[in-house]
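Working notes, beginning with the structure itself.
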Amino acid sequence: MSPVLELRGVTKIFPNRRGIRDISLTVNRGDIYGFFGPNGAGKTTVMKMLTGLARPQQGQLRLFGHDVGTGFEQAMAKVGVLIETAEAFTYMSARRNLEQAARFYPRLPKGRIDDVLALTGLSPYAHEKVAGYSLGMKQRLGLAAALLGEPELLILDEPTNGLDIEGMVQIRELIAGLAREQGITIFLSSHFIGEMEQLCSRIGILHEGRLIREAAISTLLQERGTLEAAYLHELNQVRGQAAHA
Ligand SMILES: Nc1ncnc2c1ncn2[C@@H]1O[C@H](COP(=O)(O)OP(=O)(O)OP(=O)(O)O)[C@@H](O)[C@H]1O
């Protein structure tokens, strides 16, 4: 079976020489894959290419075996996306927002809006205007919209960014539940190493535009005790190599 998400030799360098270089990674069905890196490492650049908002200069990005560049519709057919903060019409209720989003899915099963409201814990607030929502509730609404098309893969860019601790925990639990109970494969970016340790099954570590390690979280914990220690170890290795080059 082909991987759910695959990058092979993906490169995009901006005129200022920053960007991402020769990234290859694989996400298999059932993974909660953490795409980890500090600010500026290149996560958003990859997320944009994966969702067709930018193009690589070299390499391939494939979703369910379809190339994002040449077979965009097929590649995205089973994918839900939440890139940075969810945008919603604040003067409408959550339900009205989802009704608007549902127009993009001509064959949506009846009751799907109720289902995604329930999945994201928004049913009790479905008729309230989004203007009165907390940031965490807005993120849940973004997830509800991403779930409308019954995706098999969710691509989430920094889904807990800007949330308070309670909001972060709620979103983390929601994502874990979607993977566990709905069997959805997750690819999420974050710069919180603790979040990766709590939530993910595999991790790809990005450093200055390069993937410096890809491994199961359990492997890294076995090697170094904590994910933070594993990350710092990888960083020292790379810096040591650079110093000797
Ligand atoms: N349009 C652009 N023009 C020039 N440089 C860019 C452009 N977009 C991104 N970069 C640079 O490429 C690098 C990677 O940026 P990117 O936004 O992908 O990082 P990130 O890991 O998502 O960081 P953050 O967590 O801060 O969003 C950064 O050094 C950034 O300054």
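The values are calculated or read from the model by the stated rules, or taken from the named source; none is laboratory data. Because the structure is predicted, anything quoted here is derived from the model rather than measured. Glycine also receives a Cβ, built like all others from the backbone with ideal geometry; neighbour counts cover every protein chain displayed.
Is it the case, given these coordinates, that GLY204 is modelled with pLDDT of 95 or more and under 26 Å from GLU6 (Cβ atoms)?
Answer is yes for this residue.
Determine, yes or no, whether LEU53 is over 17 Å from the mean Cα position of the chain (by Cα) and either part of a loop (DSSP other than H, G, I, E, B) or within 30 Å of PRO124 (Cα to Cα) (or both).
The answer is no for LEU53.
Consider VAL116 carefully, then state whether it is more than 20 Å from LEU154 (Cα to Cα), of a type in the set (A, V, I, L, M, F, W, C), surrounded by 14 or more Cβ atoms within 10 Å (Cβ to Cβ) and not assigned by the TED database to the domain that holds THR11.
On the way: more than 20 Å from LEU154 (Cα to Cα): no; of a type in the set (A, V, I, L, M, F, W, C): yes; surrounded by 14 or more Cβ atoms within 10 Å (Cβ to Cβ): yes; not assigned by the TED database to the domain that holds THR11: yes.
For VAL116, the condition - more than 20 Å from LEU154 (Cα to Cα), of a type in the set (A, V, I, L, M, F, W, C), surrounded by 14 or more Cβ atoms within 10 Å (Cβ to Cβ) and not assigned by the TED database to the domain that holds THR11 - is not met.
Condition test on LEU82, is it out of contact with any Lys or Arg (no Cβ under 9 Å at 6 or more places or on another chain), within 16 Å of the ligand (Cβ to nearest atom) and either under 19 Å from VAL130 (Cβ atoms) or among the β-branched types (Val, Ile, Thr) (or both)? Don't jump to the end; show me each part of the working.
Numbers: out of contact with any Lys or Arg (no Cβ under 9 Å at 6 or more places or on another chain): yes; within 16 Å of the ligand (Cβ to nearest atom): yes; either under 19 Å from VAL130 (Cβ atoms) or among the β-branched types (Val, Ile, Thr) (or both): yes.
The answer is yes for LEU82.
Give me a count of the residues in the range 150-162 that are within 15 Å of the ligand (Cβ to nearest atom) and more than 11 Å from the chain's Cα centre (by Cα).
2
Which members of the range 163-190 meet the condition of being touching a strand residue (DSSP E or B) at 6+ places or on another chain (Cβ under 7 Å) and within 16 Å of the ligand (Cβ to nearest atom)?
Passing the criteria: PHE187, LEU188, SER189, SER190.
Could you please find all residues in the range 1-13 being in a strand (DSSP E or B) and away from the ligand (no atom under 15 Å from the Cβ)?
LEU5, GLU6, ARG8, GLY9 - these are the residues of the range 1-13 that are in a strand (DSSP E or B) and away from the ligand (no atom under 15 Å from the Cβ).
What number goes with the only condition from (1) assigned by the TED database to the domain that holds ASP115; (2) at pLDDT below 90 that ASN161 does not pass?
Going through the list (1) assigned by the TED database to the domain that holds ASP115; (2) at pLDDT below 90, ASN161 breaks only (1).
Select from the range 171-201 the residues that are modelled with pLDDT of 95 or more and of a type in the set (Val, Ile, Thr) and list them in ascending order.
ILE184, THR185, ILE186
Would you pick out the residues in the range 14-43 that are farther than 14 Å from ILE205 by Cβ, within 9 Å of the ligand (Cβ to nearest atom) and outside any loop (DSSP other than H, G, I, E, B)?
Within the range 14-43, just GLY19 meets the criteria.
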